[in-house]
Structure formats: structure tokens, C-alpha cells
Amino acid sequence: MSTGPLRIVIVGGVAGGASAATRARRMNEQAEIVLLEKDEFVSFANCGMPYHIGGEIPDRAKLLVATADLLRKRFRLDVRTHSEVIQIDRASKVVSIRKWPDKSVYHLPYDKLILTPGASPIVPNLDGVGSTGVFALRNIADMDRIRSAVDALTGTQRKAIVIGAGFIGLEMAEQLAARNFDVAIVELQAHVLPPMDAEMVVPLQEELNRENVRTYFGSGLSRILHDKGQVVGVELENGARIDGHLVILGMGVRPNTKLAIEAGLEIGKTGGIATNRFQQTSDPDIYAAGDAAEYLCHPQNQQMRVPLAGPANRAGRLAGEHAATGKSAEMSPVLGTAIVRVFHQTAAMTGLTVKAAKRAGIECRSVTVIAGQHAGYFPDAHPITLKIVYSPETGKVLGAQATGRDGVDKRIDVIATAMAFGATVRDLAGLDLAYAPPFGSAKDPIHQAAFTACNEMDGLGSMLDADADLSGWQVVDVRTPGEIAKAPITGVSKVSAIPVDDLRNRILELDPAKPTVICCGVGVRGHVAQRILLQRGFRNVVNLSGGATLRRRAVPEK
Ligand SMILES: Cc1cc2nc3c(=O)[nH]c(=O)nc-3n(C[C@H](O)[C@H](O)[C@H](O)COP(=O)(O)OP(=O)(O)OC[C@H]3O[C@@H](n4cnc5c(N)ncnc54)[C@H](O)[C@@H]3O)c2cc1C
């Protein structure tokens, strides 16, 4: 145990670590605070790195958010870079530190220790993975190396392969295309952005197609092809070969838990360091935050890893305060709210998708609406596809996903905020949101989705999932003949086409005893038709969620 003022030692000096250190200082002017970082830089903007490679953030210095010098001067932090913590001796409360490059080792006692060592990119153990031109992106050194390679490749060499179509993979694909690379994305799963539900990411896929980014799904990487040590392409498990002089590995991350494991700290079910609501580990004098830690996640109500910057910064801040003062607020449950831009499209999500709910054994229903981000009569209106996942029993909102050109961030953030307060779909239906034509609609897409869910809960209009098997149903398409000709309903052989405005006059063409599914463009006229039929003796009438538009994404045309 050290003597003198409280000594707080922090392992890792970026998102979680820098937040912990500066909060600790603001709460305790007397404490000795040592920030240990194994690399050259502290407190840099990991999230901005793809955009420097792509040239959208031209000034590299802008990514160095707070330099070691600033942290020393303003916060009187003892910042030690090139200092890797290699061991924690919990009994004597001492960490061992290896200095780079001379590799000398020294020991430093702590009163409180905060672990924010982050995560490391997954690098598969495959032939050719060490070739020149193969990179993963985690820190400034990686970024510099990738940017140099991007600058150096010329002419026909400007071909890149991004492995993994998750958030970072998509950002890198977009930014490499901006640097005039011919870009291919390889994804083991069946679609881009695997955390989201399949039909929700179709607009992203279409955007990638428009931007000439090629995509390869459903087959993993088998080996990296190289010529005299320089990468020249990849081979997939299905035998396909793709040329490229630059390969970016965006296959996810592994939490850096070696130190914690060796120190005997408890590791949670998802492989992160187990923590309580004050970010204390199984040793109350040791805290953990960021990509290496687990958080209480909602709506699962489980401890899980969420490798995102927001939770890392908030949890780091709380850990710093608790370590410095012995008290703090509790870490709020994490929803995993995330967003990505892919050229002119944005995709975002919060909480549970339908597939995640199924995996977790949580019963759910979902509604999807396709509606303008602002009033349709105002210039530049573009559709947002918004899906809300909720509990059929209580109406509690379990999650949301959205894709679109504009306004996706606002909808997902509003819903994430509502979820933080335990909102139901009825609460969403009643939200008083700001509206004028350039910004939204008097009935926002959030309201429309919530109204639909409430209608379903109140027995006023059941929805049928966009990918449902329509055999056995009387399918009624209530669009105009012109609309139907342009985009027929997919995955169905027999359809009765009756425009909604003619439905009352032509109702005798339909059999009220048959289960009936109504389809329109996006589901709005379908609900009107559904209400007409339900009030005229039809017993079982459902509305196809998201109409023919969503159906065509969920069940592609053959
Ligand atoms: C390219 C990229 C883009 C991203 N974009 C987004 C985004 O848009 N939105 C989002 O929410 N998240 C994004 N993230 C994720 C986000 O950056 C991380 O979730 C966040 O940085 C995690 O914070 P952390 O403190 O746990 O780890 P880090 O910020 O990675 O910091 C960990 C630090 O600990 C150091 N370290 C590790 N072991 C030791 C040791 N033994 N001794 C000393 N130092 C050690 C490491 O060198 C590292 O600098 C992105 C990540 C990357 C790589």
C-alpha cells in the first residue's frame, strides 16, 4: 500500500482511461493520478481514424483530442506513454510496468487501479496474414500505416478488400471508395451490418451497389494471397478469389483481459471483466471500463460487453469518480446504441433487434414503417425505414432500428432516450416532438410506428411480418394498377388487386371467411383497407408490415 495522497493508477490512456483520469482529478485535487499507456498517444479519437484515411478529416492533429502535455498541465496527471502494465499484484497492490523501447521493468504501488486496456482487433491465423498491405485499425500507428499505404498505391493497385461488413468495415469501405479505390467487402454472414435485422439493411446494400462497392456474403476468409510478401488478393472458403493490394481486417475485437485474468479477477459470461454498477471488479480496489469490461445491458438485463465509445467514456468517468472519492452515481444500463454512415445512407440501432430478442429467448413483436424524415411536400424529403421491437404483453419498447438518408440519428436517439426511462409504445405514441416542415412531420415516423404497435395491441389491426409465408392467405393488393406493375408483391402466386378507394364497391369479390392479408406500398393504405374489411364482416384481416416495399426487401424477387 502506498503512503501519502491516494494514488490512482490507470491502465490505458484513451477513451475510458482518459475519461477516468480527468474526472478523478476534477473530483480530487490531492490525489496522485498516474495514466499508463503502452503506445505513443493518449486520448485520441479512434472513431475519427477512418475519416482521416479517407481524407474527410485532413488534419491528423485534430484526432489527438488531448495530448499528454495538455493532460499534464491542465489536470496535473502523471502521464507515462510507452509504459505497458504487465502484471498486477493484488496482494501487495503493485503493478509492474515495462518501459518501451528499452524494456526495463519497474513497479508502482496503487491504492486504486482502473483497467481500461480496450480490445484488440481479431486477426485470423491464416496463411498470408502477415503480408505487406494487410492491416487492422485500432490506433494512430495503424492509421498512419494504412494512410501511407493508401497514398502509395497507384493505378490498378488501388483495389481494396475489407473483411467484415460491421460498423468499422463499412466506414473503411466508404472512405477507401472516397480515395478512388475499387472496394470489395467480404462478410461471413448473409448481409451487411450483421447486428441488424436482414430486411433493415437492404437500403445500405443498395447504396453499396450504387457506389460500385462489391459485396461477398456467406463465406469466410480462407487465405490471403501474396506475391513476394505483398498482398495481391484473398481467397474465400468457397474458393472465390478477389484481387486487391490492400486488405483491411474488420472482423471484430477481442477484449484485452489477459492482465485481469492473470490477476484472478472475475471474468463475465461474454468474456469481459465483470463489474458492478460502480465499475468495480471482483476486487473493490480495481475498476474496469471500456471494451475490456462488461456492463449491465438492457433490455436483456444481463452483463455484456459493448465495445462502443459512449459506454467506455461514461463508465470511465464513473470509475474515475468512484476511485477518487469512494462514491459516484451508478452506471446506467447500456442499450448498445450505434450508428454508421454508408455514403448517403445511415443505419442506426438501439436495444434489441428481432433476431437478438429471439436469441435471448425474449418474446417480442415488431412494427416497421417507411415514412419521410420530414413533410413530404417540403423539398428533399427522403424515406426512413423505422422498426420498433416491443413486448407484446406490456408494450415496453425493447429496441429500434432505422435506415435512411437523413434523420435516422434523431429517431434512434429519441427512442433510446425513451427506452432509458422504460417507455412503452403508448409512451412513444404520445411523445411531444418538435415539428415544422423542414424538420419532421406532425406525425413523426416514431409516432406512426408507435400508432401501428398500439393498434395491434388494442386489436384494431394486426400486422403480418414482411417475410411471412403468404400461402393459404387471401392476398389483397390495394395499390393502383400502375404501382403494382412497377413493384409487385414478391413470394406470392395469386393476388386480388383492388385499389383501396374501390374496396367498398368491390368487396363482394373477396371471401370474408378466408384469412386475408392486405398489402399496399408501405402499410398506410393497408391499414385503411384492413379497417374497412374488419368492420364489414371479415374476421381475420392482417396488414403486411411495411407493405410491398418492405416485402421486396425481406423476400427478394427471384
Ligand atoms: C476505427 C474505429 C472506429 C470506431 N468508431 C466508433 C464509433 O463511431 N462509435 C463508437 O461508439 N465506437 C467506435 N469505436 C469503438 C471505440 O473506439 C471503443 O469502444 C473505445 O475506444 C473503447 O475505449 P477503451 O478505453 O476501452 O479502449 P481504447 O480507447 O482502445 O484504449 C485502450 C488503450 O489501452 C492501451 N493498453 C492496452 N493494454 C495496456 C497495458 N497493458 N498497459 C498500458 N496500456 C495498455 C491501448 O494501447 C489503448 O491505447 C471505434 C473503434 C475503432 C478502432
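Some points to look at:
- Net +/- balance of residues flanking residue 359 in space, Cβ distance below 14 Å, scoring K and R +1, D and E -1: +1
- Relative contact order of segment 23-67: 37 percent, from C-alpha pairs under 8 Å at least 6 residues apart in sequence.
- Cα-Cα pairs of segment 210-270 separated by more than 13 Å (percent): 74
- For segment 420-558, the Kirkwood estimate of hydrodynamic radius, built from reciprocal distances between every pair of different alpha carbons, is 15.9 Å.
- Within the shell of other residues whose beta carbon sits under 15 angstrom from the beta carbon of residue 123, the net charge comes to +2, with Lys and Arg scored +1 and Asp and Glu -1.
- Computed from the C-alpha gyration tensor, the three semi-axes of the ellipsoid equivalent to segment 61-218 are 39, 19, 17 Å, from longest to shortest.
- Cα-based Rg and Dmax for the chain, where Dmax is the largest Cα-Cα distance (Å): 26.7, 90
- Relative contact order of the chain, pairs being alpha-carbon contacts under 8 Å that are 6 or more residues apart, as %: 11
- In loop segments of segment 340-418 as defined by DSSP, the chymotrypsin sites (Phe, Trp or Tyr not before Pro) with at most 10 further C-beta atoms inside 10 Å of their C-beta are 377.
- Cα pair distances in segment 2-117, grouped into 10 Å bins until the bin that holds the longest one, percent each: 14, 42, 31, 10, 2
- Hydrodynamic radius (Kirkwood) for segment 172-298, which is based on Cα pairs only, to one decimal in Å: 17.7
- Under a model in which nothing but the beta-carbon of Lys, Arg (+1) and Asp, Glu (-1) is charged, the chain shows a dipole of about 400 debye around its Cα centre.
- In summary, the convex hull built on the alpha carbon positions of segment 254-324 has an orientation-averaged projected area of 4.4 nm².
- Percentage relative contact order, segment 172-329, counting C-alpha pairs under 8 Å, at least six apart: 12
- Members of 38/93; 387/410; 355/514; 62/112; 355/410; 486/558 lying beyond 25 Å, as alpha-carbon distances in this model show: 355/514; 62/112
- Set against the 2.2 N^0.38 Å expectation for a compact globular protein, segment 486-558 has a Cα radius of gyration ratio of 1.07.
- Residue-count net charge about residue 548 - beta-carbon cut-off 9 Å; Lys, Arg +1, Asp, Glu -1: +1
No value in this document is a laboratory result; all are computed from the given coordinates. Keep in mind it's a predicted model, so treat the numbers as computed, not measured. Cβ atoms come from the backbone with ideal geometry, glycine included; neighbour counts cover every protein chain shown.
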